[in-house]
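Below is one structure; the comments refer to it alone.
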Amino acid sequence: MSSANPIVSEVEFSRDGKQLGYLRLPHSVHRSAYGWLPIPVATVRNGAGPKVVLMAGNHGDEYEGQVLLSRLIGELEPEMVQGQLIVLPMANYPAARAGLRTSPLDGGNLNRSFPGDPRGTPTQMIAHYIEAVILDGVDLLVDLHSGGSSLLYHEAAMLVAADAGPPDDPDLRKLLTAFGLPYALTFYEQATAGGFSVSAAHRRGGIAVTTELGGAGTVQPRLLAMADQGLKHMLGAYGVLTGALVPEAPPGTPTFLKIDAQLHYLYAPESGVFEPAVELGERVAAGQPAGRIHFPDTPGKPPVALEFAAPGIAVCKRVPALCERGDCLWHLAEESS
């Protein structure tokens with residue numbers, strides 16, 4: 001893949017040591033004809049070892065990962081690393097700066113834009129640079145997500161893409177266990193296809209883990225502490241992080257779950273006000289009431305009753321009660337071996 005991209009890095013990824021700076025994304029507008037946008041980046045490199053990329057702010061309204069990686073950048077020193085850690089705490093900087101899921105510049109969703117375009121929109125240029133340059137030779141990508149402002153996940157989860165069946169690769173399963181968040185979710189798709197960051201990592205020869213850390217536009221201290229412990233423990237188990245920064249144990253033992261895209265997502269059939277019928281973390285049955293959509297703008301109009309199409313654990317729900325036809329209201333997952 002060509003790396004002919006107008007983004008210029010202030011750090012040298014091939015140099016040992018700790019470097020902090022920005023990826024300069026050219027941005028010519030009325031108030032700044034020759035300006036650039038600052039995408040924060042850190043690299044800590046120390047000799048031979050795995051290349052690991054840590055990313056947050058892929059969606060700008062997901063704050064947990066941004067806080068987690070900002071703290072980690074401050075803690076890291078070269079002697080703690082064996083190999084290289086590249087950290088992008090606000091990967092889609094325009095979206096993260098505005099607190100939006102997508103970029104206010106072009107409406108771009110970075111996590112649907114890979115492999116990008118070096119001569120495209122700002123979001124496409126960022127996607128291309130990350131895949132062509134940052135992920136070149138990557139061994140592991142950890143992309144820290146949450147539910148953002150429209151969704152809330154129960155506890156904290158790890159997601160991995162698998163072509164078929166549960167992730168039976170013993171090394172990957174060992175990695176997820178070392179992370180130790182409450183849930184390990186598997187979704188099925190061709191790992192190298194699509195516009196996701198995990199697809200980009202697979203195309204560049206690496207493996208990828210995504211997290212979903214709460215959401216609702218908040219940062220929950222308990223989940224943040226859990227994710228901090230789990231991430232550092234996993235990086236230690238992977239061999240890229242060493243020393244006192246590595247916890248002795250993960251925060252817990254994950255429950256492995258699988259996601260069926262056809263059965264486990266419940267969408268709003270009408271626009272209105274959503275009243276959920278269950279709580280996050282509950283185990284539900286097929287045909288069980290999932291909630292109702294009310295129409296306060298039409299007096300006397302009866303609500304629409306919703307049911308779950310499959311059994312599973314309610315791992316994610318919509319946060320704003322106001323919804324439109326097509327909004328995701330519930331996300332389930334079921335236990336796998």
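The values are calculated or read from the model by the stated rules, or taken from the named source; none is laboratory data. Note that the coordinates shown come from a computational prediction; the quantities given were computed from them, not determined experimentally. With ideal geometry, Cβ positions are generated from the backbone for all residues, glycine too; neighbour counts draw on all protein chains shown.
Descriptive notes on the structure:
- Exactly one residue among 147, 137, 195 is modelled with pLDDT of 95 or more, in a loop (DSSP other than H, G, I, E, B) and either in contact with a Phe, Trp or Tyr (Cβ under 6 Å, 6 or more places away or on another chain) or closer than 22 Å to residue 38 by Cα (or both), and that residue is 147.
- Among the residues making up segment 71-122, a single one is under 16 Å from residue 26 (Cβ atoms), touching an Asp or Glu at 6+ places or on another chain (Cβ under 7 Å) and small (Gly, Ala, Ser): 116.
- Contact annotation: residue pairs with Cβ atoms under 7 Å, 6 or more positions apart or on different chains, pairing a residue in segment 215-228 that is touching a residue at least 40 places away in the same chain (Cβ under 8 Å) with a partner that is polar (S, T, N, Q), are 215/146; 217/149; 227/211.
- Some residue of segment 46-59 being part of a strand (DSSP E or B) and under 20 Å from residue 100 (Cβ atoms): yes
- Meets criteria (among the charged types (D, E, K, R), modelled with pLDDT under 95 and surrounded by 17 or more Cβ atoms within 10 Å (Cβ to Cβ)) for residue 131: no
- Across segment 62-113, the number of residues qualifying as charged (D, E, K, R) and either modelled with pLDDT under 95 or part of a helix (DSSP H, G or I) (or both) comes to 6.
- Failed condition for residue 11, given (1) among the β-branched types (Val, Ile, Thr); (2) in a strand (DSSP E or B); (3) more than 11 Å from residue 84 (Cβ to Cβ): (2)
- Residue match in segment 69-88 (condition: under 16 Å from residue 146 (Cβ atoms), surrounded by fewer than 23 Cβ atoms within 10 Å (Cβ to Cβ) and of a type in the set (S, T, N, Q)): yes
- Enumeration of residues in segment 281-337 that are polar (S, T, N, Q) and in contact (Cβ under 8 Å) with a residue 40 or more places away in the chain: 336, 337
- Cβ-Cβ contacts under 7 Å between residues 6 or more apart (or on different chains), taken from a first residue in segment 27-46 that is farther than 20 Å from residue 241 by Cβ and in the same structural domain as residue 74 (by TED's automatic domain parsing) to a second residue that is at pLDDT below 95 and β-branched (Val, Ile, Thr), are listed as 35/29.
- Candidate set from segment 2-45 (those that are surrounded by fewer than 16 Cβ atoms within 10 Å (Cβ to Cβ) and charged (D, E, K, R)); member that is farthest from residue 69 (Cα to Cα): 31
- Qualifying position, being buried (at least 22 other Cβ atoms within 10 Å of the Cβ), in a helix (DSSP H, G or I) and assigned by TED's automatic domain parsing to the domain that holds residue 125, among 208, 201, 184: 201
- Within the option set 283, 318, 325, being surrounded by fewer than 15 Cβ atoms within 10 Å (Cβ to Cβ) and within 25 Å of residue 156 (Cβ to Cβ) holds for one residue only, 283.
- Residue-level check: of (1) within 22 Å of the chain's Cα centre (by Cα); (2) at positive phi; (3) of a type outside the set (A, V, I, L, M, F, W, C), residue 317 misses just (2).
- Exactly one residue among 242, 253 is surrounded by fewer than 19 Cβ atoms within 10 Å (Cβ to Cβ), touching a strand residue (DSSP E or B) at 6+ places or on another chain (Cβ under 9 Å) and of a type in the set (Ser, Thr, Tyr), and that residue is 242.
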